[in-house]
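Chemist: Pasting a structure below so you can have a look.
The values are calculated or read from the model by the stated rules, or taken from the named source; none is laboratory data. Computed from a predicted model, the values in this text were never measured in an experiment. Using ideal geometry, Cβ is built from the backbone for each residue, glycine included, and neighbour counts are taken over all protein chains shown. Quick note on the areas: whole protein, heavy atoms, side chains included, nothing else; ligands and nucleic acids left out. Shrake-Rupley method; radii C 1.70, N 1.55, O 1.52, S 1.80 Å.
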Amino acid sequence: MNTTASEVLEFVRENDVKFIRLSFCDLLGFQKNISIMSDELQSAFESGVSFDAGAIRGFRDVTASDLFLFPDPATLSVLPWRPGPGRVARFYCDIKTPDGSVFLHDGRFLLRQVAERYEKMGYACKVGAECEFYLFKTGDDGEATDITLDKGGYLDVSPLDKGEDIRREICLTLEEMGIMPETSHHERGPGQNEIDFRFSNALSCADNFLTFKSVVKAIAARGGLFASFMPKPIPDLAGNGLHVNLSLTHKGCNIFKNADSGEHSDTAESFLAGILSKAPEMTLFLNPLANSYERFGAYEAPKYVSWSHQNRSQLIRIPAASGEKVRIELRSPDPSLNPYLAFALILSAGLDGIENGLALPPAVDADLYTADKSVTKDLATLPDSLDSAIRLAEASEFIKTVIGGELMLKYLTIKKAEAADFHAAKDKTAFYKERYFHNY
């Protein structure tokens, strides 16, 4: 990958790139972009490109609405579905104020700060995402219907699985963009799919997740389909999860490397304990929609704050693996999150556990979907509604420390209004469809 501005400019000239998309993520996790002609790219590197931040919810008001996008050269990617002549390239951007200072509510900046804290302590955290989505048919008007692409189930093959060609095209497109898919398959729900891509550092994983969603949407639309990342698009069927895999290295050595044999280092246990301890108060940022809470407690989505080896009913599990591939898997997040804020909080929670030497509670080696109350009665639970999640986040000094009090207040204000709208809705299913289905 080209990593300097001069190399990028040369690449653009030599590869018939005419249009440049400058992308960023808003507070709620939606990708935004502004396009410039390739001749303007050098100026963008030097001086940035202004946009109206007052029109981006949660950024600024109209009294001080100017912000500037500065493309990150390391994120150059040519969009394969927009071929030449006149190719289109995309960058993720850092956001700055008119005086050149960092915009403190930029999620990429916040996540980069957390990653730098790890580096100063001699650690590096690798993050990998496993993302699920549904494919729905579209009507004659091109709008999404509620009819799934197929009636297949977990790991089914053609003809039950009708999504294999779409998944293949998605994987090839991701590979062409420098994102390495590892596995893809039909998931449990009808028309539901999963594609997992290779772990990387936290910032690039967050970038890659946004790219992944845009690729899935674009390829699905090109095939006359609609891809939905809504947490629970179909009542009483499997929801869409975003399992976050984490491995922690110290001086190049994976501290979880012996976890598959049941042996844990003190650092590994404290890292895991830190994430467990902060999970309830982080949930608003990992599961930000009213619809998110329909997913918990069924179809391998967690309900309790617990951990175990291999067990998919837990909030955190240590999958069966060996050597450097050993990791932990956080199973509560869903694809509607802002990946920069979510990863910043998750990594900060793990670091908090290490710094405070938190003790890891005993593993819960039981199926928590069917377990007797004698097993679950003493386990903490994740919040069961958007209201509950808001209350926990609002009382959290941890969250305020990580993302700042002003940004926290903006996010809470938006989410409280959303929760009020949800309560005012007479038909919850209709609210989900109108508010979330077409947007996620």
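Chemist: Scan segment 264-276 and report the pairs whose first residue is under 15 Å from Lys251 (Cβ atoms) and of a type in the set (Ser, Thr, Tyr) and whose second residue is surrounded by 21 or more Cβ atoms within 10 Å (Cβ to Cβ) and at pLDDT 90 or above, with Cβ atoms within less than 6 Å and a gap of 6+ or a chain change.
Modeler: Thr267/Ile354
Chemist: Let me ask something else. Quickly run through segment 152-192 and pick out the residues that are of a type in the set (Lys, Arg) and open to solvent by less than 50 Å² (accessible area, probe 1.4 Å).
Modeler: Result: Arg167, single match.
Chemist: Just one of the numbered conditions (1) over 24 Å from the mean Cα position of the chain (by Cα); (2) within 22 Å of Val244 (Cα to Cα); (3) of a type outside the set (A, V, I, L, M) is not true of Lys325; which one?
Modeler: Result: Lys325 fails condition (1) only.
Chemist: Search segment 135-152 for residues that are over 21 Å from Pro231 (Cβ atoms) and pair each with any residue that is open to solvent by 20 Å² or more (accessible area, probe 1.4 Å) and of a type in the set (D, E, K, R) when their beta-carbon atoms are under 9 Å apart and the residues are at least 6 apart or on different chains.
Modeler: That search, which allows pairs on different chains as well, returns Lys151/Lys162.
Chemist: On the given criteria, is Phe103 at pLDDT 95 or above and in contact with an Asp or Glu (Cβ under 9 Å, 6 or more places away or on another chain)?
Modeler: Here the answer is no, as Phe103 does not meet what is asked.
Chemist: So is Ser322 out of contact with any strand residue (DSSP E or B) (no Cβ under 6 Å at 6 or more places or on another chain), of a type in the set (S, T, N, Q) and modelled with pLDDT under 90 or not?
Modeler: yes
Chemist: Residues being farther than 17 Å from Pro98 by Cα and free of Cβ contacts under 8 Å to residues at least 60 places away in the same chain: count how many of those fall in segment 31-79.
Modeler: The number of residues fulfilling the criteria is 12.
Chemist: Filter segment 277-289 down to residues that are open to solvent by less than 30 Å² (accessible area, probe 1.4 Å) and in a helix (DSSP H, G or I), then give me how many there are.
Modeler: 7
Chemist: Kindly indicate the residue of segment 298-327 that is open to solvent by less than 30 Å² (accessible area, probe 1.4 Å), out of contact with any helix residue (DSSP H, G or I) (no Cβ under 7 Å at 6 or more places or on another chain) and assigned to a loop (DSSP other than H, G, I, E, B) and also nearest to Ala389 (Cα to Cα) among those meeting that condition.
Modeler: Only one residue fits best here, namely Pro302.
Chemist: Please pick out the residue among Ser270, Ser292 that is of a type in the set (Ser, Thr, Tyr), more than 17 Å from Tyr440 (Cβ to Cβ) and part of a helix (DSSP H, G or I).
Modeler: Matching residue, one of Ser270, Ser292: Ser270.
Chemist: With the requirement that a residue be within 26 Å of Phe91 (Cα to Cα) and either out of contact with any Ser or Thr (no Cβ under 9 Å at 6 or more places or on another chain) or without any contact (Cβ under 8 Å) to a residue 24 or more places away in the chain (or both), what does segment 157-175 give you?
Modeler: Of everything in segment 157-175, those that are within 26 Å of Phe91 (Cα to Cα) and either out of contact with any Ser or Thr (no Cβ under 9 Å at 6 or more places or on another chain) or without any contact (Cβ under 8 Å) to a residue 24 or more places away in the chain (or both) turn out to be Ile166, Arg168, Glu169, Leu172, Thr173, Glu175.
Chemist: If the requirement is being closer than 24 Å to Val12 by Cα, in contact (Cβ under 8 Å) with a residue 60 or more places away in the chain and open to solvent by less than 30 Å² (accessible area, probe 1.4 Å), which of these qualifies: Val88, Val127, Val114?
Modeler: Only one candidate passes the filter, namely Val88.
Chemist: OK, next. Filter segment 115-147 down to the residues that are over 29 Å from Cys205 (Cβ atoms), of a type outside the set (Asp, Glu) and in a loop (DSSP other than H, G, I, E, B), then identify the one that is farthest from the chain's Cα centre (by Cα).
Modeler: By that ranking, first place goes to Gly139.
Chemist: Which of the residues that make up segment 2-25 are touching a Cys at 6+ places or on another chain (Cβ under 9 Å) and of a type in the set (S, T, N, Q)?
Modeler: Passing the criteria: only Ser23.
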